[in-house]
Amino acid sequence: MAGSGSGSKGAGKSVVVAYVCWLFGGMFGLHLFYLRRDAQGFLTWSTLGGYGLGWLADITKIPRYVKEVNEDPELMREIYRKMREHRKPPFSISRFISAIMIGYLWGQLVMIAIPESPIANYELTFLHWFIPLGCSIGVWVVGNIGRETGKPWIAIGSAYLAYLSRYLYYDESVWFSLMLVTSALAFDTFSKEWRPHKKEERSFMMRMAIVSACGLLYLSLWGCYFYFNGKITDSNGDTVPLHEAVHHFFTSPWWTDLKQSLYDTYVFAQHHGWYEVYKQIIDLSDVTGEQNAYKVLGVGPTASQSEITARWRSLSREFHPDKIKDPAKQREAQEKFMEIQQAYEIISNIKTKRKRKNKQYEVYKQIIDLSDVTGEQNAYKVLGVGPTASQSEITARWRSLSREFHPDKIKDPAKQREAQEKFMEIQQAYEIISNIKTKRKRKNKQSVRD
């Protein structure tokens, strides 16, 4: 396989893995990042797969990319042969067009990101001098992909020289195209050269930091464009700058109420727990349709099944389609009748499920009580009191038994060990009952407060 490599420093990249990355993340340059072609990967990410065309073209180029990163001996001989035959890389129409496209994108992005209106009473139109820089950097990055490289200064300088033509040609398409083509031709003619050795390999964290910084800069330019120059249209057809709309949104009653609601929810969660918040959200959203069903039937949640059934029968008779003679109102009555039937069915099903669930829970409680997993029943038995005994009665009984079976009061050595075991059993029983009662008392207080 081509991904096996030759045991060199960069060996280990796989054609299969590269194709999987291409298939599932190729539009974002995942296969190129995997193959350490970070600059090309970033360009692919920023243009969504090179406008889709670069992503499709890579399907035939991946095997060569893998061989190159693995420094396949046969491919290396071919590359070095080309270097000997040509003093500089020959002209490539595909690379030149790519440089034009990326340079155009980055130049235009810088241009549209410049705020059209003054910011804090400061005009920022001087930032237009960064347009040639964005354009030439795009050209330079494309020119440094793979085994070709070149210095950026000639591309930048020629872009700035051609940029002056905007004062001769006021048509943006003319001076921008002249600047772009001049920069690309200057780089291809005077800067482009072979890269004789592989790029110095950086650590994964360093690569991530560089790509993240570039991505942040790229997205910030788009952010500037949308925030400062973006506009939205209101219901009256008037256009409002996006940054003003955002400012008005954060001072609007809707946002103020939402912010207060979120704060109240946070305070409530601190006292009652996030699960209680979740339960209230579910209840308020009425996912089962229960609240709406009660509203349709005109009864409350505390109504008994017989009351609900009586109300359902009364409404069914009142809105039965056969009783409505007016054809105009018959359809409305039929819809109301169906709504009543659905509401009754929803409430009946929910109540049946709850009844069944309560029965199951009662059975479960009885099993738990009989199995005495907490040791409470046995503790009452040891102390000789009932579950209804008050805390003072339990304490008095515990003190009495503790005195009676205290090991220090037993003089017979044969009975002393038995008394010690009984004494420990009494202490454990009292501790179990006290802890359980304390927890229940705290839980009851919490329920009353809620």
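Listed by chain and number, the lysines whose C-alpha is less than 22 Å from the C-alpha of K437, apart from same-chain residues fewer than 8 away, are K365, K381, K445.
Give, as a single signed number, the net charge of other residues whose beta carbon lies under 12 Å from the beta carbon of N144, with Lys and Arg counted +1 and Asp and Glu -1. Mind dumping the intermediate values first?
Details: positive: R37, R95, R147, K151, K192, R195, K199; negative: D38, E148, E193.
Net charge in that neighbourhood comes out at +4.
Normalised by residue number, the volume inside the convex hull of the Cα atoms of the range 2-231 is 139 Å³ per residue. Once each of the GluC sites (Glu not before Pro) sitting in a DSSP loop with at most 15 other beta-carbon atoms within 10 Å is removed, the chain keeps 202-450 as its longest stretch. Spatially, the range 320-377 and the range 380-450 are offset by 45 Å when compared through their Cα centroids.
Only loop residues by DSSP count here, and only those with at most 15 other Cβ atoms within 10 Å; note down the chymotrypsin sites (Phe, Trp or Tyr not before Pro) in the range 59-129 that meet that. The qualifying sites are F91.
Arranged from highest to lowest average of other beta-carbon atoms within 10 Å per residue, in what order do the peptides 158-166, 394-402, 434-442 appear?
Values: 158-166: 19.6, 394-402: 16.1, 434-442: 12.1.
So the order, starting with the most tightly packed, is 158-166, 394-402, 434-442.
With a Cα cut-off of under 16 Å and a minimum spacing of 8 residues unless on different chains, the lysine pairs in the range 2-231 number 14. Computed from Cα atoms, the angle from the helix 131-143 axis to the main principal axis of the chain rounds to 90 degrees. Convex hull volume of the C-alpha atoms in the range 294-371, normalised per residue: 76 Å³.
Across all C-alpha atoms in the range 376-449, the radius of gyration and Dmax reach 14.9, 55 Å. In the range 192-299, the inverse of the mean reciprocal separation of distinct Cα atoms equals 20.4 Å; this is its Kirkwood hydrodynamic radius.
Here the spin labels are modelled as points 7 Å beyond Cα on the Cα-Cβ line, and at D257 and S285 they lie 2.0 nm apart. Once the chain from N121 to H272 is taken as fully extended at 0.36 nm per residue, the excess over their C-alpha distance is 49.4 nm. By how many degrees, between 0 and 90 and to the nearest 10, does the Cα long axis of helix 73-85 differ from the longest principal axis of the chain? Value to nearest ten degrees: 30. P(r) for the chain, from all Cα pairs and a bin width of 20 Å, is 15, 25, 21, 25, 13, 2, 0 %, short bins first.
Given axes a ≥ b ≥ c from the Cα gyration tensor, I'd like to know whether the range 10-108 is rounded (a/c under 1.5), prolate (a/b larger than b/c) or oblate.
Details: a/c = 2.35, a/b = 1.13, b/c = 2.08.
Note, shape of the range 10-108 comes out oblate.
In the range 102-257, Cα pairs under 8 Å separated by at least six residues give a relative contact order of 23 percent. Relative to the longest principal axis of the Cα atoms of the chain, the long axis of helix 53-69 lies at roughly 90 degrees.
Laboratory data are not the source of any read-out in this text; all were calculated from the coordinates shown. Keep in mind that this is a model prediction, so the values were computed, not measured. Every residue, glycine as well, gets a Cβ built from its backbone with ideal geometry; the counts of neighbours run over all protein chains shown.
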